[in-house]
């Protein structure tokens, strides 16, 4: 089983790319970095681990739209090796997190869409029907 659960903050705004697949469909890929605090040491100092995360498709669009630098995020996913050999023949080892779920992990009042255009507009109390219809 390959499963990882991370709770942390985005270190910068997500970066999205759109590519065309061989069948002509659009592939959306969003990458972001997550800082996850370790348990505090006895001296009160807390270190952090940093993870490169990648989302695909509709989830990638969701991350691009609603998350930004500093967002508190819960990520559930899997670890994928990114090992390669350089031109000089050196082996480089790395990994990234392929997201399966990405969720808000902060209070609702702190959430704001990353882009200013919102799908919703506010309605005053006078404009709302009394019976809720």
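Miscellaneous remarks
- You can think of it this way: the chain between residue 49 and residue 80 has 9.5 nm of extra reach, that is 0.36 nm per residue less the Cα-Cα gap.
- Here the extension length gained between residue 101 and residue 87 equals 1.5 nm, from 0.36 nm per residue of separation less the Cα-Cα distance.
- Inverting the pair-averaged 1/r between distinct Cα atoms of the stretch 4-110 gives 15.3 Å as its Kirkwood hydrodynamic radius.
- Here 55, 69, 25 are placed in order of increasing Cβ neighbour count within 10 Å, fewest first, which gives 25, 69, 55.
- The stretch 1-34 and the stretch 61-101 have their alpha-carbon centroids 7 Å apart.
Every number in this text was worked out from the coordinates using simple rules, so none of it is lab data. Keep in mind the model is a prediction, meaning the values are calculated, not measured. Reconstructed Cβ throughout: ideal geometry from the backbone, glycine too, with neighbour counts over all protein chains shown.
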